[in-house]
1. Place a +1 charge on the Cβ of each Lys and Arg in the stretch 51-110 and a -1 charge on the Cβ of each Asp and Glu, then give the dipole magnitude about the Cα centre in debye, rounded to the nearest 20.
2. Give me the aspartates and glutamates in straight-line cross-link reach of Lys294: C-alpha distance below 16 Å, same-chain residues under 8 apart excluded.
3. Counting only protein heavy atoms and a 1.4 Å probe, tell me what percentage of the stretch 1-96's accessible area is made up of carbon and sulfur.
4. What FRET efficiency would be calculated for the residue pair Lys23, Glu59, taking the C-beta separation as r and a Förster radius of 35 Å, to the nearest 0.05?
5. Starting from the Cα of Thr71, move 7 Å in the Cα-to-Cβ direction to define the label point; list residues of the stretch 118-133 whose amide nitrogen is under 13 Å from there.
6. In nm, what is the difference between 0.36 nm times the number of residues separating Thr313 and Arg103 and their Cα-Cα distance?
7. Can you find, among Ala138, Val172, Leu183, the residue sitting farthest towards the positive end of the charge dipole of the stretch 136-184, where Lys and Arg contribute +1 and Asp and Glu -1 at Cβ?
8. How would the stretch 62-184 be classified by its alpha-carbon gyration tensor: rounded, prolate or oblate, with rounded meaning a/c under 1.5 and the a/b versus b/c comparison settling the rest?
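The values are calculated or read from the model by the stated rules, or taken from the named source; none is laboratory data. Just so we're clear, the structure is a prediction, and the values are computed from it rather than from any experiment. Here the Cβ is made from the backbone with ideal geometry for all residues, glycine too, and neighbour counts use every protein chain on show. Keep in mind that these areas ignore ligands, DNA and RNA; they rest on the heavy atoms of the full protein, side chains included. Shrake-Rupley method; radii C 1.70, N 1.55, O 1.52, S 1.80 Å.
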Amino acid sequence: MTDMDKLQLPDDHVFVVPSRAIKVPLDMAVWEKSEAYFEYLGFILALNKSIEGKSLDFECEQSPAVKNILTMIDNLDEWITQIPPTEQPQRFGNKSFRTWHTRLREKGTEELQQALPEKLHRAIPEIIQYLYESFGNATRIDYGTGHEMAFLMFLCCLFKIQAFKENDKIAVAIKVFNRYLLLVRRLQITYRMEPAGSHGVWSLDDYQFVPFIWGSSQLIGHPRIEPRHFVDQDVVELHAKQYMFLGCIEFISKVKIGPFAEHSNQLWNVSAVSSWSKVNNGLIKMYKVEVLSKFPVIQHVLFGSLLPIKPATTCPNVRGACLDPPLLPPPQLH
């Protein structure tokens, strides 16, 4: 997906309500050869490249579509203010999140109609399903990398229907996706959402993954900040609002207690990598193994006309990258 302007859909394209297709672990082989897999991975890699060396305050063009989606996220954020957490005894899972999520389902179509030009409204029944899945599970009141993936698929679909254009890539990564991160962090804290499928200190992070990939790309070539510096609290505090990676570290440090090397062992290992380009490559490979190859995540993925489960035609530039072994060391079980 390196040239997104070539993805123009025909006027008679038939949109469908997406549904799950990976029902049992054996289906993972179908997913890993599917058009959706390569479209999604290509999207991650294209935006990863587009923001290399660019901070969050990089002055990029913001199209009307980008501004409209940012406004929509602001509206969703305002709902949190309007729906405060209820007083309840349990530590995790505040039930008010279900009220927030019900409002998302009730008003989501209206929000997208306001954000998208009328000619694209026929795509809403398909793309809105990804939006519904982007903020956590209303039954379990949890959030994890599968929900993050749903939002990224939502953004990918907006490129495929040409709501976003090729020159929106930078703004979508550093403006729209970062604004989404701020929203889901507020959801996580306000409603005390549990991590979905966390592996404790052996996972990269309880909630997110892609901001570490894109955030490390932002830091490639930085004249002063090296990977070893992200465990330095002063560096993090100074630059957290400029780089997604450091913003994630700041958030982790706020919500977890104890030595960083203990509560975030995998990230501690990353700080020993010699350069940001190696960190970036390693995290992409780790993402393929730890998220895209995991049945508990992929069983929830939705497939439709924009991200279909049908077998992909040749995709050599992405396909070759998929075969590389991970650069990062596997979890060290002490």
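1. That gives a dipole near 500 debye.
2. Answer for Lys294, where 16 Å is the Cα cut-off: Asp27, Glu32, Glu148, Asp205, Asp206, listed by chain and number.
3. After summing per-atom areas, the C and S share lands at 52 percent.
4. 0.15
5. What the label zone holds, given the 13 Å backbone N cut-off, is 118.
6. 71.6 nm
7. Going by the charge dipole, the pick is Val172.
8. It is prolate, given that a/c is not under 1.5 and a/b is the larger ratio.
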